[in-house]
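**Q** Quick one: this structure, given as structure tokens, is what I'll be asking you about.
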Amino acid sequence: MRRDAAKSAPTLIQLTAESADDAALDEIDAVASAAFDVPQFSAREELRRPWTRCWVAREERRAFAFLIAWHVADELHVLNVATCPTARRRGLATALMRRSLEYAQEQRVRLVLLEVRRSNRAAIRLYRKLGFTAMGVRPRYYSDNGEDAVEMVLTFDPATGAVQPGRDEIRIEV
Ligand SMILES: CC(C)(COP(=O)(O)OP(=O)(O)OC[C@H]1O[C@@H](n2cnc3c(N)ncnc32)[C@H](O)[C@@H]1OP(=O)(O)O)[C@@H](O)C(=O)NCCC(=O)NCCS
């Protein structure tokens, strides 16, 4: 399916196992296959897990980007965020990340965590802009090419819910 860049402001929608029909699930898988070289996951399987949270950015009834996270206890783990190549650098991933952070604040989440390939400068810049810091490295985390993962974290102040400023614990090039 061809996916042209979105032409106006996107609508952000949270999908659940109940609300996501086959077409919506296929759209997420299509964005994932357009965005990643390596197959990542099946949206159907992911949404069956009670702890999965998923948002899509839609324009003219088509999905151009999605974010999938796991909410477990007081942590939100962002597993994947991706934008169709034709719709990049238009703020879709930022909008989805911000929506997930709003959700985290509403749910009184303490930590938002994610892993990112050390070479993925675009994603690392995106996360940094939102306040994430690098807290560690998981050596050879990715089995397809043995690349290291950088672990990034964003912490909320438990009293106020505000993002707590943090510092990188490791040095990464971006
Ligand atoms: C990373 C990704 C999700 C960004 O999506 P996007 O919708 O284009 O992101 P945004 O438009 O919201 O960009 C936000 C910021 O990220 C950074 N960024 C995004 N793409 C970038 C690029 N190609 N080079 C450098 N910085 C980039 C910039 O700081 C950008 O802000 P700016 O446009 O004001 O400079 C997208 O490139 C993608 O789908 N990549 C493949 C999948 C992937 O690697 N996902 C992350 C897995 S951890």
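**Q** Restricting the search to the range 63-87, which residues are away from the ligand (no atom under 12 Å from the Cβ) and buried (at least 19 other Cβ atoms within 10 Å of the Cβ)?
**A** Passing the criteria: ALA63, LEU76.
**Q** If you check GLU59 against the conditions, is it open to solvent by less than 70 Å² (accessible area, probe 1.4 Å), within 13 Å of the ligand (Cβ to nearest atom) and at pLDDT below 95?
**A** The answer is yes for GLU59.
**Q** Pairs, please: C-beta under 9 Å, at least 6 apart or cross-chain, first residue of a type outside the set (A, V, I, L, M, F, W, C) and in the range 68-80, second within 16 Å of the ligand (Cβ to nearest atom) and open to solvent by 60 Å² or more (accessible area, probe 1.4 Å)?
**A** HIS77/TRP70; ASN80/GLN40
**Q** Within the range 29-58, how many residues turn out to be in contact (Cβ under 8 Å) with a residue 40 or more places away in the chain and part of a helix (DSSP H, G or I)?
**A** Looking only at that region, the number is 4.
The values are calculated or read from the model by the stated rules, or taken from the named source; none is laboratory data. Worth saying up front: this structure is predicted, and the values here are computed from it rather than measured. Cβ sites come from the backbone with ideal geometry, for glycine too, and all protein chains shown count toward neighbours. Only protein heavy atoms, including side chains, enter the accessible area calculation; ligands, DNA and RNA are left aside. Shrake-Rupley method; radii C 1.70, N 1.55, O 1.52, S 1.80 Å.
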